[in-house]
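Some notes on the structure that comes next.
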Amino acid sequence: MNDWTSYDEVAETYERVHAPHMAIPARDLVALADPPPGGLLLDVGTGTGVCAGSAREAVGPTGLAVGIDMSLEMLATGHRARPGLPLAAAVAVDLPFRDGTFDAVTANFVMSHFRSYKTALADMKRVMRPGARVAVSAWADARDDLQSAWTEQVQNVVPREMLEPVWKQASPWHDLFRDRRKLEEALRDAGFRHLRSEQREYRFSYSIEDYVTGLESWATGRFVRQMLGESSWESFKERVRAVFAERFADPLNDFRTVVMAVGTKT
């Protein structure tokens, strides 16, 4: 792996392992945004287009859902998985769209990753029409046995003091946006009104093989893979599989808490 901060080399893994699960909260987020039939929706940080795909169903055949992401390989994988879905390379702080274009904007699990979420929200608001809704989501679950087991294995090969900057760089606002009130506050400060938020619980079922494989798309997985190199990374994954097989039933259940917030451009 050449650059652990990029999703390019894990795009296929993300689509195969995670996309089917991410589609569930994505549908809920699109429902909160409530785009009108025949409307235009923008999905920011779309990855392989999971949320944009849900939005395409919501706006119907006369509408249009567009996804943007900075990872070319995630977009290419999305094109193959969801033919005909408009996906484009762009960043949230400089959206390549005219003012007042969209009836709704979604940002599914990306708020915590923005360098400047305030700048991103300002540009998202710029491309929205008056009366359009923005809907955002973030992970809010506490560390569980699965995450603890993974962190334990990672810290066997990478010191904690090296991992803390990785977590901060990959998701600088993770701790802030675990609180739904902070998501609402961010939207309020950006000038959105008629705010509401909610917390939802999800249960994702993975085979141990898929779960461990999917860990390589996490920030710590990408970082460790780059540090170890491919041959050592494969050996490391074998050890992780053995630990998970010893500790957890197969398939395993991954319980996740998600907070969502929605606001309107007045």
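Couple of notes before you dig in:
- Peptide packing for 21-31, 201-211 was compared via the average number of neighbouring C-beta atoms within 10 Å per residue; ordered from the highest value, the list is 21-31, 201-211.
- Peptide ranges 129-142, 183-196 listed from the most packed, as the mean C-beta count within 10 angstrom indicates: 129-142, 183-196
- The modelled label-to-label distance between S148 and R196, using points 7 Å beyond Cα along the C-beta direction, is 3.7 nm.
- E57 versus T266: modelled label distance in nm, points set 7 Å from Cα along the beta carbon direction: 3.4
- Set of lysines with alpha-carbon distance to K125 below 21 Å, sequence-local pairs under 8 removed: K182, K265
- 27 Å Cα-Cα reach of K237 towards lysines, excluding residues that sit fewer than 8 places from it in its own chain: K168
- Calculated [θ] (222 nm, deg cm²/dmol) that DSSP helices of n ≥ 4 give over the chain, each run adding -39,500 (n - 2.57): -13000 deg cm²/dmol
- Using the average count of surrounding beta-carbon atoms within 10 Å as a protection proxy, the listed peptides 102-114, 162-174, 60-72 rank, highest first, as 102-114, 60-72, 162-174.
Only the coordinates and a few stated rules stand behind these numbers; no lab work does. Fair warning: this is a prediction, and the values are worked out from it, not measured in the lab. Glycine also receives a Cβ, built like all others from the backbone with ideal geometry; neighbour counts cover every protein chain displayed.
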